[in-house]
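One structure is given below, encoded as structure tokens.
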Amino acid sequence: MDVPLPHLDRPFDYLVPEALDAEAQPGVRVKVRFAGQLVDGWLLERAESSAHPKLAYLEKVVSPVPVLSPEVARLARAVADRYAGSLADVLRLAVPPRHARAEKAVTADADAPADPDAPADADARPGGRAEVDPRGWRDYPAGPALLRALTDGRPARAVWSALPGEDWADRYADAVAATVAGGRGAVVVVADARDLDRLDAALTAVLGAGRHVRLTAADGPARRYRAFLAARRGDVAVVIGTRAAMFAPVERLGLVAIWDDGDDLHAEPRAPYPHARDVLLTRAQLGDAAALVGGYARSAEAQLLVETSWAREVVADRAVVRARTPAMAPTGDDPQLARDPGAASARLPSLAWTSARDALRADLPVLVQVPRRGYVPSVACADCRTPARCPHCAGPLALPSAQGTPACRWCGRVAAAYACPECGGRRLRASVTGARRTAEELGRAFPGVPVRTSGREEVLATVPGGAGLVIATPGAEPVADGGYGAVLLLDSWALLTRADLRAGEEALRRWMAAAALARPGTASGRVVVVADGALAPVQALLRWDSAWFAARELAERRELGFPPAVRMASVTGVAEAVSDLLDGARLPDGAEVLGPVPADEGRERMLVRVPRSRAAALAEALHAAAGQRSARKAADPVRLQVDPLVLF
């Protein structure tokens, strides 16, 4: 039943009336009477008898279309158990809301008589053969073998580290085409709409139009439901999408793949908070399918797959890496700013200024990555340097533009008459400079050069290949035709000094994603990172060796007892509710309870840590304790998260 209460997380038996016998098939949506109310549910299985002597009847079959496949039902149960959640919560993520008009249109199309004059298309469904050229994978010694395994239907599992300048979408299209050539289907998950558009175009070029569908919530309910039904009916062999596609019902699944698994957009923000990478790897394990985890940078979780021999790494030889990597240089921990006033205002060191100038003179675009969006997202007193705070809510003040009035980033109140509480000063200075302010200053430093910005307000997908400046926040860098002549990574401290377990890993991931857009080869492109070259993430960037950094990160987390070396769960709520749940949980032997640490809105968080071998026991204990609280109708809710991205 579609009831999220943990103590009701089990199947219930109902009688099927004779009038609904034909439609009440496993996988359909139904309505049943429970506790005097009509509730939604999914029909999981038909049986001849029940152990319960007295049963109620099914009230209604909402639709005769079996939207829940047996494979996805098993997967949903496994995901719920892994994340200490309820099956109903997972099924809400796995099966999109019904759209009656779209369902009727798809059914009508399927029931329409076939056109006898239409040419037969042997490749229209799974199983059609296709030629797959492994040329794009030959820079990676294990690449051609991976494609052969996919064509043969073997469950190859790979962690791929992409080279600079690599067209990852084309390589994923090759892998999908090899899988389809072997008569099996594929599911590929990417982080955002830009990556999805890029993969969509690559697959259309390789497979042809109509051979795959997109599954993403951003396409709207009707289009999303049509794509879902096309996959469920077996009309297409391939589904691509954002994390909404991780449960896509593909027949004869042969490959699951995820690009850039370290991106936090892959983490579902709704209970039970599954991560797309872990859902896909669970699918591969349950369905004996191949798995591909790729990215320019490697996450600690992907490194764990390699070190435990669950997956094999697919990397290029060092000679190929050196030949493909653009020239890279750090500026040091105390870089000398360029003498040009505009460049100094934009915080450009001399090396970065020279690299940008040379690229523009060569009629090549320049990418500038700035970690902060906005104009001046943080200001301080110009006299005593005390951070400027809102007098009403103590939130940080920011400047929206050069002539703008300071306003609070939390409550939005304008602080036109701000006076520093420490010294009484009324002048403000920038503590952090945002992308729009950087674009303004660089426009002055390079007059006559077009300046484009890409960020939350407007994210650019591509830019022309001629001379121009592109100021982008991390994750919003557009692709330049032919690659960038120079890539400048500014304000590295803003990424490296975050109070986050993954700060170094995240900084390297964002740097490598930007650096990969430079023209490949030391004679063509140049990357300048404003940071101390002795820092481990900077060293990994300079050598283009994220595997080394991931191994180092994983070793440190093993020593300190942090994920993914261990399994950790967070319990968040008011203090009394958190204590109530943990007191009632039968935690496995060896479990460590850490905390409490303050959370938001007056709540607190407790962390429970266990070895990975006890992960299933921990999830089961927490789910059972949550069920006990829901059964007695405890007033204060508690949020359970297993392996949350943010621990502190």
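The values are calculated or read from the model by the stated rules, or taken from the named source; none is laboratory data. Everything quoted here is computed from the prediction, not taken from an experiment. Cβ placement follows ideal geometry from the backbone for every residue including glycine, while neighbour counts extend to all protein chains displayed. Only protein heavy atoms, including side chains, enter the accessible area calculation; ligands, DNA and RNA are left aside. Shrake-Rupley method; radii C 1.70, N 1.55, O 1.52, S 1.80 Å.
What to note about this one:
- Test: D219 is within 30 Å of V646 (Cβ to Cβ), free of Cβ contacts under 8 Å to residues at least 12 places away in the same chain, open to solvent by 20 Å² or more (accessible area, probe 1.4 Å) and among the acidic types (D, E): yes
- Single residue of E45, E59 found to be acidic (D, E), within 40 Å of the chain's Cα centre (by Cα), farther than 14 Å from V95 by Cα and surrounded by 13 or more Cβ atoms within 10 Å (Cβ to Cβ): E59
- Residues satisfying the stated conditions in the range 70-85, i.e. open to solvent by less than 10 Å² (accessible area, probe 1.4 Å) and either over 16 Å from A569 (Cα atoms) or outside any loop (DSSP other than H, G, I, E, B) (or both): V72, L75, A76, V79, A80
- Pair list, Cβ under 7 Å, 6 or more apart: the range 91-105 residue farther than 10 Å from R226 by Cα, other residue loosely packed, with under 15 Cβ neighbours inside 10 Å: L93/R270; P97/P221
- The one condition in (1) open to solvent by less than 20 Å² (accessible area, probe 1.4 Å); (2) within 30 Å of D317 (Cα to Cα) that L607 fails to fulfil: (2)
- Criterion (touching a helix residue (DSSP H, G or I) at 6+ places or on another chain (Cβ under 6 Å), farther than 30 Å from A494 by Cβ and surrounded by fewer than 24 Cβ atoms within 10 Å (Cβ to Cβ)) met by exactly one of A291, A316, A323: A291
- Selection within the range 554-596 - under 24 Å from G262 (Cβ atoms) and either among the β-branched types (V, I, T) or in contact with a His (Cβ under 8 Å, 6 or more places away or on another chain) (or both): V566, T572
- Residue among A531, A550 that is at pLDDT below 95, outside any strand (DSSP E or B) and surrounded by 21 or more Cβ atoms within 10 Å (Cβ to Cβ): A531
- Boolean, D636 is touching a helix residue (DSSP H, G or I) at 6+ places or on another chain (Cβ under 9 Å), part of a loop (DSSP other than H, G, I, E, B) and among the charged types (D, E, K, R): yes
- Of the set (1) assigned to a loop (DSSP other than H, G, I, E, B); (2) open to solvent by 30 Å² or more (accessible area, probe 1.4 Å), all apply to R92 but (1).
- A single member of V176, V213, V180, V187 is touching a residue at least 40 places away in the same chain (Cβ under 8 Å) and not in a helix (DSSP H, G or I), and it is V187.
- Some residue of the range 222-230 being of a type in the set (S, T, Y) and surrounded by fewer than 19 Cβ atoms within 10 Å (Cβ to Cβ): no
- Residue that is polar (S, T, N, Q) and either in contact with a helix residue (DSSP H, G or I) (Cβ under 8 Å, 6 or more places away or on another chain) or without any contact (Cβ under 8 Å) to a residue 60 or more places away in the chain (or both), where the choices are S570, S630: S630
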